[in-house]
1. Taking only DSSP H segments of four or more residues, each worth -39500 (n - 2.57), what value at 222 nm results for the chain once the sum is divided by all its residues, to the nearest 500 deg cm²/dmol?
2. Can you spot the lysines whose alpha carbon is less than 16 Å from Lys41's alpha carbon? Ignore those fewer than 8 places along the same chain.
3. HN-Hα J couplings of the stretch 6-16 from phi, Karplus 6.51/-1.76/1.60, θ = phi - 60°, integer Hz, Gly and Pro as x?
4. Between Ser36, Tyr91, Cys3, whose Cα lies farthest towards the positive end of the dipole of the chain when Lys and Arg beta carbons carry +1 and Asp and Glu beta carbons carry -1, centred on the Cα centre?
5. Let me spell out the model: positive unit charges on the Cβ of Lys and Arg, negative unit charges on the Cβ of Asp and Glu, origin at the Cα centre of the stretch 36-84. What dipole size does that give, in debye rounded to 20?
6. At Phe5 and Ser36, where each label point lies 7 Å from the Cα along Cα→Cβ, what is the point-to-point distance in nanometres?
7. Report the label-to-label distance for Leu81 and Ile43 in nanometres (one decimal), using points 7 Å from each Cα along the Cα→Cβ vector.
8. Quick check for me: using +1 on Lys/Arg Cβ and -1 on Asp/Glu Cβ, what's the dipole size of the chain about its Cα centre, in debye to the nearest 20?
Amino acid sequence: MRCKFIEAKFLRELKGRFLCEIEIDGNIELAHVPNSAKLSKYIAIEDKNVLVVENENPKAKTRYQLCAVETDYNKWIMVNLNLLNKVVAEYYEHR
């Protein structure tokens, strides 16, 4: 699995804690937030750049899955810890 991150802008979390709206190329899309807590309680996320990946499961309710949020210091915070494990494993496989 090679992660293909897509840059987007985070718009807002929805009432269901696992959904958010993102903007990709001028289109508003729903994305899955693979985190059991409301992210906005812990980090300022609205209008931030985010990285998403396309869902691999064709039966998924959303096309995208939120992965990381860019900080004010141009650093990335991973919010999808399951994907983080895959990224680290890939890194070590290709070293």
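Each reported figure results from applying straightforward, stated rules to the coordinates on display, with no laboratory input. None of these values were measured; they are calculated from a predicted model. Neighbour counts run over all protein chains shown; Cβ positions are idealised from the backbone, glycine included.
1. -4500 deg cm²/dmol
2. Result set, ordered by chain and number: Lys15.
3. Whole-Hz 3J(HN,Hα) from phi for the stretch 6-16: 10, 7, 8, 10, 7, 9, 6, 7, 8, 4, x.
4. Ser36
5. The dipole of the stretch 36-84 has a size of about 240 debye.
6. Going from the Phe5 label point to the Ser36 one covers 2.6 nm.
7. So the two model labels end up 1.4 nm from each other.
8. 400 debye
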